[in-house]
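K.L.:
Can you read through this structure? Questions will come right after.
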Amino acid sequence: MQTEIILVGHGSRSSEANQGLVEVANKVTHLLDRPVTPAFVSRGTPDLSSAIIVKILSGATHIIIMPLFLFRGMYVSTGIYEEIKDIKGQFPQVEIIVAKELGADDIIANLAYSRIKEAIGT
């Protein structure tokens, strides 16, 4: 069983903004001690479908998609599933799991708190 992980973010016309997703993927790679591939919904490469296909063609039998989105908006609730529907049909032997979005987690609240404290200067 070969499991691959894809971290998907929105994407931007700003290469600096897209680099942020790459940096997070690199940090998660370090934490997990296994490769994590960044992919983009739009305005970045690779797009999610391309990243999935590359993983499948390299032998992946399980793919975990981690949406790096705060809340369960349209893309997280339906867009990802629409995007992977055809791929799942073409490769029914590959299990594709979509992880939960970041959400209203205490870690997010603590990060917001830290950023606010930095802005206040305390």
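K.L.:
Measure nothing fancy, just the Cα-based angle from helix 80-90's long axis to the longest principal axis of the chain, in degrees from 0 to 90, nearest 10.
P.N.:
20 degrees
K.L.:
Now a separate question. Suppose each label sits 7 Å from its Cα in the direction of the beta carbon; what would the SER14-ASP105 distance come out to in nanometres?
P.N.:
2.4 nm
K.L.:
Among PHE71, PHE40, which comes first, second and so on when ranked by fewest other beta-carbon atoms within 10 Å?
P.N.:
PHE71, PHE40
K.L.:
Under 21 Å Cα to Cα from LYS85, which lysines show up? Leave out anything in the same chain fewer than 8 places away.
P.N.:
Hits, sequence-local ones excluded: LYS55, LYS100.
K.L.:
So what is the calculated 222 nm ellipticity per residue for the chain, using -39500 (n - 2.57) for each DSSP H run with n of 4 or more, over all residues, to the nearest 500 deg cm²/dmol?
P.N.:
Working: 4 runs with 54 residues, N = 122.
Helix contribution divided over all residues of the chain: -14000 deg cm²/dmol.
K.L.:
While we're here: How far apart, in nm, are the 7 Å Cα→Cβ label points at ARG72 and ILE116?
P.N.:
2.5 nm
K.L.:
Continuing with the same structure: Could you run the Karplus curve 6.51 cos²θ - 1.76 cosθ + 1.60 with θ = phi - 60° over segment 43-54 and give me ³J(HN,Hα) per residue in whole Hz, x for Gly and Pro?
P.N.:
6, x, 10, x, 7, 4, 4, 4, 4, 5, 4, 4
K.L.:
Which aspartates and glutamates, if any, have their Cα less than 19 Å from the Cα of LYS88, not counting same-chain residues under 8 positions apart?
P.N.:
GLU4, ASP47
K.L.:
Which FRET efficiency value, to the nearest 0.05, do you get for THR3 and ARG43 by plugging their Cβ-Cβ distance into 1/(1 + (r/R0)^6) with R0 = 30 Å?
P.N.:
On the way: r = 28 Å, r/R0 = 0.93.
The pair THR3/ARG43 has a calculated efficiency of 0.60.
K.L.:
Hey, in the GNM for the chain with a 10 angstrom Cα cutoff, which one of ARG34, ARG43, ARG13 fluctuates hardest?
P.N.:
Highest fluctuation among the options: ARG13.
K.L.:
Tell me which label goes with the value of Cα extents along the principal axes in Å computed from the coordinates here: (1) 32, 30, 27; (2) 51, 29, 18; (3) 54, 31, 28.
P.N.:
(3)
Each value in this text was obtained by applying a stated rule to the coordinates, not by laboratory testing. Given the structure is predicted, the values throughout are model-derived calculations rather than measurements. Cβ sites come from the backbone with ideal geometry, for glycine too, and all protein chains shown count toward neighbours.
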